[in-house]
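Following: one structure in structure tokens, then a few remarks.
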Amino acid sequence: MKKISIVILFICFVSFNLMAAAAQFTTQPHENAVNDIVLFGDYIYTAGDDGFIIRWQKIQDEESGTFYYTGEHYQFSDMEIKKIALSPDGENIAIYETDGYAVNRVSIWNWASKTRVLARRVTNTVSSIAYSAKGTYLLIGVNSTEGIIFLNLSNGKTVRKLQDTPSMVSFTMTSETENTCVMYSSLGDLLYSNMVTTDIKAELSVTSNLQQTLLFNNDLMFAGYKDGYIYIFQSVTGTQLAKIKASSPLFASGREDYYLYYIEQNGKNCSLKMIQTSGNTVFINPVIVKDFTTSGESPVTSVVKKGTQLFVGCKNGSVQNLSSQAQIEKTVCSSISQMQYKSVLDIESYDGQFYVLTDSSLFITDYTDESSILLANPGYNNILVLNEKTLLFWSKDSTKAIQKATKRDNGTWRTENLYSPGSTLQSLHYQNDRLVIVEGSSTVRLFDFSSNKAKTVYSGTGIQDALLLNQNDLYVAKSAASTPKAALVKVNTQTLETLPIDISAEVAFSLSPNTSNSNLFYGVCVFSGDSQKTDVFSYNVSTKKYSTLMSWGDEDTQAFTWYSNGKIYTNIAKSQIRSVNTSSKQQITYTRFSSIPKKIAGNKTYILVLNRDGSISWYSASTNRHYANWQVSMDNKLVEE
């Protein structure tokens, strides 16, 4: 029986000491679609699929006098951010983040310090988030019978503010005094509640399953969209004032707008339309204010109106603006965001040198000297360095052949296809003079360079990673739901005999060797159910001892481990790099850049971190000091941010 020794260095996310983090100020757009735009004073906040929130501000150039926008970038989540809301004082921002499947979380962050104030997991999709007028509560509408969650922001606890909670609330707003709350239930009710007595004051029957619901015309009118029609109601009586045909409109109007502005799209062509009102009268023939296209002709995914300006977010991540003034000629949006940097795809280190892969080039650098291009990237996303004269190009989630590059005596490089996988590559390691190849989460192969042949050593389902600890012993990290029912399996590469390792985790991944002790390796385990957490662990193969080094009170399926210079490094908890000295047990949390760390490489002098946005960050391996952040310029040069 295996002996288990647990050394808890951190427990749960609240125990992790978040260091100060640096935001980035650039014109760079979002990487993916812009899902929400919120205005606050002179600032424009945008949220995207890339997990970033960008606060845009209009700046005047001191020399030319011209105006431009610059964005303060910070990645708050490794998941998609679908909705955001600003506190009345503008100090905090609430976000709804989701993986589109199992995880739905609302969290509040202090914008200045970039620290999380509170977080709340919900079981269903969030349909709306809003602060109460004075900032006492955060109102969370959910697509379930729970309907609406009132969070008291003084203590982060849920409070009861309704006697009879409506189901499936998708719109909420309080009065200025916070004595009254108006809600729309997708069941077809517009409700007014007394926040003091918790009674429902009025329940108005309107159309069910309306989307993009909002109040406009100084809160006198309520609008929504459903099945090809815009519905407009008198907000006090619930009387339907209009039903107007429209094609997937995106509403732009705010509470102060007398008219309902919206965008319709037909391919790359867009139209800004306006529904006019007068008193309780709605004119049912929309006016075409102007026809336009976005810069780059990307579809519009979000829009908001302020005065005579529209701010639009696009599917390609760009943020643009457009005047709402009428115009006969077709026009093009002005782009607030501009591509300023390209992405680093992968990093590796070998013998004191660092290798940095971009879409077009492989750079070599040691931080202190000028970086140089080693050779062109033949179209891959990942690099593996075997030695100073042998490199492998490969691409995760691709069946593209692994390509070998060999340096000739004259300094030129020779390339050839080394191995063609039978299914998509998941991981590739060079260990004990062989390649460890995980294909399609179902097969582990060992590639022998002497014979140029690959041997299948393990087959199954749910395979996450594999580590060749020595010539004969292979450790496979997998899902415990597959046979054998264990998250970690030992395989004899000669006899192919398998031995399950007795750990209780649901899944293990990210295995890394201790290069100073061949009996030790590290990895990550995720536990679900009542003991939901993520562990960074060490395993001693001679004593069969499993030890927990770090623990986070949530699931983190993207965490990694990496051992160097007596320390185990990880990005557990998703926000920053952390390390533990395996001898002294001293723990370090590293200052992060604007983006969440993705991978790490290093030597005795420097630590290099690849961030999710394609930037890289340099640290001292001895003092842990943060040196600099580098980006790839549009002309393919490594530059310091």
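Starting from region 213-238, keep only residues that are farther than 14 Å from PHE283 by Cα and of a type in the set (A, V, I, L, M), then list their pairs with residues that are open to solvent by less than 10 Å² (accessible area, probe 1.4 Å) and outside any strand (DSSP E or B) whose Cβ atoms are within a distance under 8 Å, requiring at least 6 positions of separation or different chains.
Note: pairs meeting the criteria are LEU215/SER235; LEU220/SER235.
Regarding ASP49, is this residue among the charged types (D, E, K, R) and modelled with pLDDT under 95?
no
If you go through region 510-522 one residue at a time, do you hit one that is over 21 Å from HIS429 (Cα atoms) and outside any strand (DSSP E or B)?
No - not one qualifying residue is present in region 510-522.
Could you list, in sequence order, all residues of region 583-606 that are part of a loop (DSSP other than H, G, I, E, B) and open to solvent by 20 Å² or more (accessible area, probe 1.4 Å)?
SER583, SER584, LYS585, GLN586, THR591, ASN603, LYS604, THR605
So which of LEU151, LEU139, LEU86 ends up being more than 19 Å from the chain's Cα centre (by Cα), closer than 18 Å to SER186 by Cα and buried (at least 18 other Cβ atoms within 10 Å of the Cβ)?
LEU139
Please specify each residue of region 434-468 satisfying the condition of being part of a strand (DSSP E or B), out of contact with any Lys or Arg (no Cβ under 7 Å at 6 or more places or on another chain) and surrounded by fewer than 17 Cβ atoms within 10 Å (Cβ to Cβ).
LYS453, SER459
For region 430-474, what are the residues that are under 25 Å from THR515 (Cα atoms) and hydroxyl-bearing (Ser, Thr, Tyr)?
Listed by number, the residues that qualify are TYR430, SER450, TYR458.
Looking at region 278-318, which of the residues that are in a strand (DSSP E or B) and of a type in the set (S, T, N, Q) is surrounded by the most Cβ atoms within 10 Å (Cβ to Cβ)? Quick ask: steps written out before the conclusion?
First, pick out the residues of region 278-318 that are in a strand (DSSP E or B): 278, 281-282, 287-293, 300-306, 309-314.
Next, only the ones that are of a type in the set (S, T, N, Q) stay: 278, 281, 293, 301-302, 309.
Details: SER278: 10, THR281: 10, THR293: 17, THR301: 20, SER302: 22, GLN309: 14.
Out of the qualifying residues, it is SER302.
Could you check region 221-239 and list, in sequence order, the residues that are among the polar types (S, T, N, Q) and under 20 Å from ASP257 (Cβ atoms)?
From region 221-239, those among the polar types (S, T, N, Q) are 234-235, 237, 239; that's our starting set.
Answer for region 221-239, where residues must be among the polar types (S, T, N, Q) and under 20 Å from ASP257 (Cβ atoms): GLN234, SER235.
Test VAL106 against the stated conditions and say whether it is under 23 Å from SER337 (Cα atoms), under 16 Å from the mean Cα position of the chain (by Cα) and crowded, with 21+ Cβ neighbours inside 10 Å.
Taking the combined requirement at face value, the residue does not satisfy it.
Given region 128-214, what strands (runs of 3 or more DSSP E) lie entirely inside it while holding 2 or more residues that are closer than 27 Å to ILE81 by Cα?
137-142, 148-152, 157-159, 169-174, 180-185
Grab the strands (runs of 3 or more DSSP E) fully contained in region 220-277, keeping just those with 3 or more residues being within 20 Å of ILE328 (Cβ to Cβ).
Ranges flagged: 260-266, 269-275.
Determine, yes or no, whether VAL639 is crowded, with 22+ Cβ neighbours inside 10 Å and under 24 Å from PHE52 (Cα atoms).
No, not satisfied.
I'd like to check something: does region 612-629 contain any residue that is closer than 26 Å to SER361 by Cα, in contact (Cβ under 8 Å) with a residue 40 or more places away in the chain and among the basic types (Lys, Arg)?
yes
For region 294-332, name all the residues that are in contact (Cβ under 8 Å) with a residue 40 or more places away in the chain and among the hydroxyl-bearing types (Ser, Thr, Tyr). Write out each step before concluding.
Taking region 294-332 as the starting set, the residues that turn out to be in contact (Cβ under 8 Å) with a residue 40 or more places away in the chain are 295, 300-306, 310-319, 322, 324, 330-332.
Listed by number, the residues that qualify are SER295, THR301, SER302, SER318, SER324, THR331.
Could you grab the pairs with beta carbons closer than 7 Å, sequence gap of 6+ or different chains, first residue in region 371-384 and assigned to a strand (DSSP E or B), second one among the hydroxyl-bearing types (Ser, Thr, Tyr) and modelled with pLDDT of 95 or more?
Going by the 7 Å Cβ cut-off, the qualifying pairs are ILE373/SER361; ALA376/SER360; ALA376/SER361; ASN382/SER395; ILE383/TYR355; LEU384/TYR430.
Please pick out the residue among GLN558, GLN576, GLN494 that is within 21 Å of GLN431 (Cα to Cα) and assigned to a loop (DSSP other than H, G, I, E, B).
Numbers: GLN558 fails: within 21 Å of GLN431 (Cα to Cα); GLN576 fails: within 21 Å of GLN431 (Cα to Cα).
After applying the criteria, what remains is GLN494.
Sort out which residues of region 524-555 are in a strand (DSSP E or B), touching a residue at least 24 places away in the same chain (Cβ under 8 Å) and of a type outside the set (A, V, I, L, M, F, W, C), and write them in order of number.
Result: LYS533, THR534, ASP535, SER538, TYR539, LYS545, TYR546, SER547, THR548, SER551.
Within region 613-621, does at least one residue satisfy the condition of being surrounded by fewer than 16 Cβ atoms within 10 Å (Cβ to Cβ), part of a strand (DSSP E or B) and in contact with a Lys or Arg (Cβ under 8 Å, 6 or more places away or on another chain)?
There is no residue in region 613-621 that is surrounded by fewer than 16 Cβ atoms within 10 Å (Cβ to Cβ), part of a strand (DSSP E or B) and in contact with a Lys or Arg (Cβ under 8 Å, 6 or more places away or on another chain).
Restricting to strands (runs of 3 or more DSSP E) lying wholly in region 42-89: which have 1 or more residues that are free of Cβ contacts under 8 Å to residues at least 24 places away in the same chain and among the aliphatic types (A, V, I, L, M)?
52-60
Limited to region 565-582, what total is found for residues that are touching a residue at least 40 places away in the same chain (Cβ under 8 Å), open to solvent by 10 Å² or more (accessible area, probe 1.4 Å) and out of contact with any Lys or Arg (no Cβ under 8 Å at 6 or more places or on another chain)?
Looking only at that region, the number is 3.
Checking THR515 against (1) open to solvent by less than 10 Å² (accessible area, probe 1.4 Å); (2) modelled with pLDDT under 95, only one condition comes out false. Which one?
The single condition THR515 does not satisfy is (1).
The values are calculated or read from the model by the stated rules, or taken from the named source; none is laboratory data. All of these numbers come straight from a predicted model, not from anything done at the bench. With ideal geometry, Cβ positions are generated from the backbone for all residues, glycine too; neighbour counts draw on all protein chains shown. Heavy atoms of the whole protein, side chains included, go into the accessibility calculation; ligands, DNA and RNA do not. Shrake-Rupley method; radii C 1.70, N 1.55, O 1.52, S 1.80 Å.
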